[in-house]
Amino acid sequence: MHLIGPRAEWDILVDKYKKVIPKYNQRHSVRPGITGLAQVSYPYGRNTYDAKRKLEYDLDYIKKWSFLLELKVVWQTVLVVFGKKGV
């Protein structure tokens, strides 16, 4: 597991999402992270629609990965945690 990357998901939900969300498996092409672009860019997901939106951020992160993007996600994570936006 890395500090930054697509968040790991429950196996039950992965099985469900793989069946109904195209390209869902592509998020598993990199190691999961404790925080990620989807977590700091989109609110908590409760359904398949939200999972699709978060997948867009995960795939964008994978496609556009750079050290600068890593720093941006770390900074946004700090802002979310201390700004209590995730509560």
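The values are calculated or read from the model by the stated rules, or taken from the named source; none is laboratory data. In this text, all values refer to a predicted model and were calculated from it rather than measured experimentally. Counting neighbours? That spans all protein chains shown, and the Cβs are built from the backbone with ideal geometry, glycine included. Areas reflect the complete protein model, heavy atoms only, side chains present, ligands, DNA and RNA absent. Shrake-Rupley method; radii C 1.70, N 1.55, O 1.52, S 1.80 Å.
What pairs can you find where one residue is in region 66-82 and within 11 Å of Leu3 (Cβ to Cβ), the other is of a type in the set (S, T, N, Q) and open to solvent by less than 40 Å² (accessible area, probe 1.4 Å), and their Cβ atoms are less than 8 Å apart, with a gap of 6+ or different chains?
Val73/Thr35; Val74/Thr35; Thr77/Thr35
Which one of these does Leu37 not meet: (1) in contact with a helix residue (DSSP H, G or I) (Cβ under 9 Å, 6 or more places away or on another chain); (2) open to solvent by 90 Å² or more (accessible area, probe 1.4 Å)?
Single failed check for Leu37: (2).
May I ask you to list the residues in region 2-52 that are among the hydrophobic types (A, V, I, L, M, F, W, C) and closer than 25 Å to Gly83 by Cβ? Walk me through it before giving the result.
In the first step, residues of region 2-52 are kept if they are among the hydrophobic types (A, V, I, L, M, F, W, C); the result is 3-4, 8, 10, 12-14, 20-21, 30, 34, 37-38, 40, 51.
Hits for region 2-52 are Leu3, Ile4, Ala8, Ile34, Leu37, Ala38, Val40, Ala51.
Of everything in region 53-86 that's surrounded by 15 or more Cβ atoms within 10 Å (Cβ to Cβ) and of a type in the set (Phe, Trp, Tyr), which residue is nearest to Pro43 (Cα to Cα)?
If we take residues in region 53-86 being surrounded by 15 or more Cβ atoms within 10 Å (Cβ to Cβ) and of a type in the set (Phe, Trp, Tyr), then Tyr57 is nearest to Pro43 (Cα to Cα).
For residues that are open to solvent by 100 Å² or more (accessible area, probe 1.4 Å) and touching a His at 6+ places or on another chain (Cβ under 7 Å), tally how many sit in region 1-34.
1
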